[in-house]
């Protein structure tokens, strides 16, 4: 009995805390203290969108619900698609464990079990008729901005009475749209700072339709880009820092309708407010040395031509030397014969 009660309180602590990142917290809907004949009939998750300073419209936000794991004997038993997830009820109060689970689960979402939209009060309700661990995904945040995926667990234990609750209320608040930050580094992965540079973003990979150009922050060695929901941009270097060669790398950044960010088609952390992308530049002197060394390597044709020219020159010198020696020898012979006759 003590072990069951210990699990109940650990389970409740996890449900009552933020189960994704910072913008979500949960509370129990205490509509009844009686356990129904089939607890699954009482299962409900109410999402309440909090008001934000910008007074964004809270209605029409579309959510999807995914049943990730059943709850059996105090443990999560994951569906086949999520079988490698290791999160268990006693870890729900560990933000790092929850974030690790979300990083694994979010890209592997299968078909949702239900969908719901928020009303004018910013409320959306799911009645899953199941117990266990659930993932809530914001399919279309609309003008409310992005809401990262978060987890909900049913049932939850009332920490005061110990009664199991089958209806919970989750308060969610939007996060700012993520920023893409280009980070200038050299080939040793060291930051390039205190040099002017710029980047441009285009709506096509070829760079024909320029969206905007950004002057880099030379003190930080960074250039920042903000995307709108559903937008794809291609980021390239417009001017390189002094002493470096301009790179031809193109970075693809895509912010999907649900607020998830992809860099070069790879998903990024949903809770990140800023995503850094390292951008390498090669130093000019290295490029110049590489070019000069390639010029100094003779081609096969030039090597053959030089070789044949040298060989011909050597043969000519040998021939001329032999001719001179022969003439000198003949002259000396004639001189000797003349001396004999005179004598």
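The table below lists the values:
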| quantity | calculated |
| --- | --- |
| Long-range Cα-Cα pairs in segment 71-184 (distance over 24 Å), rounded percent | 34 percent |
| Label point distance in nm, residue 97-residue 232, each placed 7 Å from Cα along Cα→Cβ | 4.0 nm |
| Residues residue 41 and residue 248, FRET efficiency given R0 of 45 Å [Cβ-Cβ distance, rounded to 0.05] | 0.15 |
| Which of 49, 105, 177, 203 has the fewest Cβ neighbours within 10 Å, and the rest in rising order | 203, 177, 105, 49 |
| Spin-label zone in segment 52-78 - amide nitrogen under 17 Å from a point set 7 Å from the Cα of residue 140 along the C-beta vector | 57-65 |
| Share of pairwise Cα separations in segment 152-211, more than 16 Å, in percent | 74 percent |
| Order of 137, 90 - criterion: other Cβ atoms within 10 Å of each residue's Cβ, fewest first | 90, 137 |
| Rounded FRET efficiency, nearest 0.05, which uses the C-beta distance separating residue 59 from residue 181 and R0 of 35 Å | 0.60 |
| Two-decimal Rg to Rh for segment 179-290 - Kirkwood Rh, Cα set | 0.98 |
| Burial ordering of 104, 144, fewest other beta-carbon atoms within 10 Å first | 104, 144 |
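Any read-out appearing in this document is the output of simple, stated calculations on the displayed coordinates, not a laboratory observation. Keep in mind the model is a prediction, meaning the values are calculated, not measured. Ideal geometry is used to build each Cβ from the backbone, glycine not excepted, and the neighbour counts take in all protein chains shown.
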